[in-house]
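I have placed the structure first, in the form of structure tokens, so that the comments after it can refer back to it.
The values are calculated or read from the model by the stated rules, or taken from the named source; none is laboratory data. Every value quoted in this text rests on a predicted model; they were computed, and no experiment measured them. Positions of Cβ are backbone-derived with ideal geometry, glycine not excepted, and every protein chain shown enters the neighbour counts.
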Amino acid sequence: TGPIVSATVTVANTSPVTVVFGGTSVSGINPSDFSISPTNTCGQANVELAAGQSCTIQIGFAPLAKGPRAAVLHIFDNSPDGGEIISVTGTGS
């Protein structure tokens with residue numbers, strides 16, 4: 001296993017309309033190794049992001065085993081595709 005580390009994901013609204021978030025989740029191969037900070041306001045349900053604005057989501061990594069670890073961060077919103085999917089990886093030591 002390894003220490004807890006974190007990374008920041010920047011979400012930018014490049015569309016001309018306001019994005020309304022529907023929440024976030026982590027899934028994939030090793031979802032228990034990754035966590036979304038509960039203090040993030042970006043990505044939480046009913047939070048709005050105006051056109052041209054950006055915000056950040058802090059994601060933590062605390063590997064439960066040695067070697068490569070992977071998951072997917074889902075950011076749900078009102079866009080036609082339903083949101084964004086971001087691959088997250090780390091290595092347990």
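Computed quantities for the displayed model
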{"read-out": "Residue ID - nearest to PHE21 (Cα to Cα), chosen from residues in the stretch 57-70 that are more than 9 Å from the chain's Cα centre (by Cα) and in a strand (DSSP E or B)", "value": "GLY60"}
{"read-out": "Residue list for the stretch 74-88, filter: part of a strand (DSSP E or B), surrounded by 13 or more Cβ atoms within 10 Å (Cβ to Cβ) and small (Gly, Ala, Ser)", "value": "GLY83"}
{"read-out": "Residue list for the stretch 1-21, filter: at pLDDT 90 or above, assigned to a loop (DSSP other than H, G, I, E, B) and loosely packed, with under 10 Cβ neighbours inside 10 Å", "value": "THR14, PRO16"}
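The rows are residues; the columns are (1) among the β-branched types (Val, Ile, Thr); (2) part of a loop (DSSP other than H, G, I, E, B); (3) farther than 14 Å from THR10 by Cβ.
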residue: ASN40; (1), (2), (3): no, yes, no
residue: CYS55; (1), (2), (3): no, no, no
residue: VAL72; (1), (2), (3): yes, no, yes
residue: GLY90; (1), (2), (3): no, no, yes
